[in-house]
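Step one of this worksheet: look at the structure below.
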Amino acid sequence: MTEENLRRIRDDFTENFDDLHDMPAKLNEGFDRVRTVSLASYFALTGLRDEIQEKLKEALAKLQEAAEGMFAPWLFVDYASKWQLVGATVGTAYGVQNKEDYNLEGNWDGSAYKSYKESKGYQSAAMETIRELCENVHEQLLIIAEEGRILFKALIDKMGTIISEIGVFALESAETAGAAVVWTINDLNAAIVAAGEAIVEFITNFLEVQIKVQIASNELENMIRAPKGLPPAADGTTQWPAPNTKEYDNRDDDWHLDGDDE
């Protein structure tokens, strides 16, 4: 999923959504030509035309709901990238901490070394937790973004179907001075009904995805509330592990640098 693909989907959705608003008038324009052929057919088919218009109205209302959230996939991708960056930064710090030049392993011993090693272990565990947390958030946000991309792509296709069907209907009406309407309006109705129902189904299914997202969000919130390796503070919140300062100044155990015989 790239920014270019998301931008193309956004532009296609906006274009089709704008064009769809013109379809009720285009439908009426094509249908009204029936009057020049047969007033009886015009009045007989008016109810069917009104049903199609109602289906168009329902589809536009549902699509308006989707349009209000059309930038969500971009936001999720952006947030996912930022979480990944945080995780990568923590991962770099973890790597530096364990680099031979800095970890001091094998260069000293005694109580001070034990305190240092204990503190280092706490820090490493905390870094691992944060790195894992960032990666989990990153993955969940991309899943949500992908579901949004799939939804808007499906909506674009169905809007295109409606626009195409009404365009053909209007063209055939114009070419036959309205005579073709009697034979084509039932096919148009079937196509609009099918596309409208599909739009509602897509958006309804996406609401089910949002429930999954809420579950994932709760899980992530719990991870943040009590992450492994981060001790609780007095107020109940988690905090970064403090260094163990005990025994750093204890010389009773005859501590010394390796190679130092003094």
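Read the figures in this text as sums done on the coordinates, not as results from a lab. Since this is a predicted model, take the numbers as computed values, not measurements. Counting neighbours? That spans all protein chains shown, and the Cβs are built from the backbone with ideal geometry, glycine included.
For residue 238, nonlocal amide neighbours, meaning residues 5 or more places apart or on other chains whose placed amide H falls under 5 Å from its own, are 233. Per-residue packing, averaged as other Cβ atoms within 10 Å, sorts the ranges 159-172, 183-196 into the order 159-172, 183-196, beginning with the highest. Find out how many positive minus negative residues lie around residue 193, taking Lys and Arg as positive, Asp and Glu as negative, among other residues whose Cβ is under 15 Å from that of residue 193. It works out to a net charge of -3. Centroid-to-centroid, using Cα positions, segment 64-81 and segment 1-54 are 27 Å apart. Exposure proxy ranking for 74, 83, based on other Cβ atoms within 10 angstrom of each Cβ and starting from the fewest, stands as 74, 83.
With a 10 Å Cβ neighbour count serving as the proxy for reagent exposure, in which order, fewest first, do 49, 10 appear?
Working: 49 20, 10 16.
The order, fewest Cβ neighbours first, is 10, 49.
Compared with the alpha-carbon gap, the fully stretched path from residue 153 to residue 114 is longer by 8.2 nm at 0.36 nm per residue. Taking label positions 7 Å along the Cα-Cβ direction at both residue 101 and residue 201, the computed distance is 6.2 nm, reported to one decimal.
Could you calculate the FRET efficiency of residue 238 with residue 50 from 1/(1 + (r/R0)^6), where r is the beta carbon distance between them and R0 is 51 Å, rounded to 0.05? Approximately 0.25, to the nearest 0.05. When peptides 140-146, 198-204 are sorted by average Cβ neighbour count within 10 Å, with the highest value leading, the order is 140-146, 198-204. Within segment 142-180, list the residues whose amide N lies under 19 Å from a label point set 7 Å along Cα→Cβ of residue 5. Answer for this model: 142-158.
Neighbour counts of C-beta atoms inside 10 Å place 133, 63 in the sequence 133, 63, starting with the fewest. From the cross-link list 62/82; 26/153; 55/153; 82/117, which pairs have alpha carbons spaced over 28 Å apart? Listed pairs above 28 Å: 62/82; 82/117.
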